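One structure below.
The values are calculated or read from the model by the stated rules, or taken from the named source; none is laboratory data. Bear in mind the structure is a predicted one, so any value in this text is a computation, not a measurement. Cβ placement follows ideal geometry from the backbone for every residue including glycine, while neighbour counts extend to all protein chains displayed. Surface areas here come from the heavy atoms of the whole protein model, side chains and all, with no ligands, DNA or RNA. Shrake-Rupley method; radii C 1.70, N 1.55, O 1.52, S 1.80 Å.
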Amino acid sequence: YCFEQGIENTGNMSKNTANVLCNWLIERLGETHAPRLFITFFGGEPLLNESIITYVAETLYSRTKTIGVSLEIALITNGLLLSEPLINKLNEYGLKWIKVTLDGDQKTHDQMRPRKGEHGSYQDIMKKLLLIKGAVPIIIGSNYNDKIKKRLPFLYRDLKEKGFSPSDILE
């Protein structure tokens, strides 16, 4: 799903690869004696592989706990697949924040991020953010160009009108 520097990757991480990753991280923690492990799930849309994300989070939480290392998790997503059960589960394992990209107000965002044969994604993302409001701090990211930059005040006003407070949205 993710494209980086012209390389297309259409696969998802397998449970076997997730185990290799978790083992490698725990070995590095043993070597470095780090007091905490901070991991960020990102790239393409990580929630397309939600079961592996929760598996990795649960595995690392369990294993870091046994060696006295704190686990902190972050999630960068387009927001369309967010759910209360997912956020509640990740909160159990150390979720610190999520970052969602909104490219300006609804009109601008929907123009910048159209969906195939459907309406734009702005309202769907906003509904998901309202579902998880207060459960985890949210960071709003944007791509920046002159068009989006001019529309950001309208995005901030919309967030405020929907009941988001400074404690809900991290700067």
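Computed values, structure above
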| read-out | value |
| --- | --- |
| Within segment 8-94: Cβ-based charge dipole about Cα centre, in debye rounded to nearest 20 (Lys, Arg +1; Asp, Glu -1) | 260 debye |
| Alpha carbon Rg of the chain, scaled by the compact-globule rule 2.2 N^0.38 Å | 1.13 |
| Fraction of antiparallel bridges per DSSP, the chain only, in percent to nearest 5 | 15 percent |
| Estimated distance in nm for a label pair at Asn16 and Lys65, the labels positioned 7 Å out from Cα along Cα-to-Cβ | 2.9 nm |
| Counted charge near Leu29, where neighbours are those whose Cβ lies closer than 10 Å (Asp, Glu -1; Lys, Arg +1) | +1 |
| Carbon plus sulfur fraction of accessible area for segment 65-171, probe 1.4 Å, in percent | 52 percent |
| Peptide ranges 49-57, 96-104, 79-87 listed from the most packed, as the mean C-beta count within 10 angstrom indicates | 96-104, 49-57, 79-87 |
| Theoretical gain in end-to-end length, Ala135 to Lys116 [0.36 nm per residue, Cα-Cα removed] | 3.8 nm |
| Links that overshoot a 22 Å alpha carbon limit, given the list Lys89/Lys128; Lys96/Lys128; Lys128/Lys162; Lys65/Lys99; Lys99/Lys162; Lys107/Lys128 | Lys65/Lys99 |
| Spin-label pair Glu84/Leu48, simplified geometry with 7 Å Cα→Cβ offset, distance in nm | 2.8 nm |
| Difference of contour (0.36 nm per residue) and Cα-Cα distance, Glu161 to Thr32 | 41.8 nm |
